[in-house]
Amino acid sequence: MTEKLDDATAGLVQALAEDADAPNAAVDRMVERLRRMEEAAKLGGSDRQTLQKLASARRVLGDPVEVGPALRVPLVPD
């Protein structure tokens, strides 16, 4: 199963980013949720576009942290 940034989550990220009075706890919880989604997406073999959307959503909320190393997968099986 792969993780994707669905419309509902994207809407929440946008609302939190636009609301200067958004509680820090709400932003922190969303950032943590996005980190977990990104890690699951990496482990699940999601495409680069999905990973980029998740990372961008975190950065919009002010999260500078990179989530784990990029997975190195050979292009041609041995």
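Read the figures in this text as sums done on the coordinates, not as results from a lab. Worth saying up front: this structure is predicted, and the values here are computed from it rather than measured. Neighbour counts are summed over all protein chains in view; Cβ atoms, including those assigned to glycine, are modelled from backbone coordinates with ideal geometry.
I need to check one value: relative contact order of the range 7-60, counting alpha carbon pairs closer than 8 Å and at least 6 residues apart, in percent. The normalised contact order for the range 7-60 reaches 40 percent.
Between the DSSP loop rule and a limit of at most 13 other Cβ atoms within 10 Å, which GluC sites (Glu not before Pro) in the range 7-48 are left? Taking the range 7-48 and a limit of 13 other Cβ atoms within 10 Å, no loop GluC sites (Glu not before Pro) are found. Here the label points at Ala25 and Asp7, each 7 Å from Cα along the C-beta direction, are separated by 3.1 nm in the simple model. Got a sec? Charge dipole of the range 7-60, +1 on Cβ for Lys and Arg, -1 for Asp and Glu; which of Ala10, Ala40, Ala25 is way out at the positive end? Towards the positive end, the residue furthest out is Ala40. Rounded to the nearest 20 debye, the dipole size of the range 7-60 about its Cα centre is 300 debye, using +1 on the Cβ of Lys and Arg and -1 on the Cβ of Asp and Glu. Its residue count N sets the reference 2.2 N^0.38 Å, and the alpha-carbon radius of gyration of the range 7-60 equals 1.14 times that reference.
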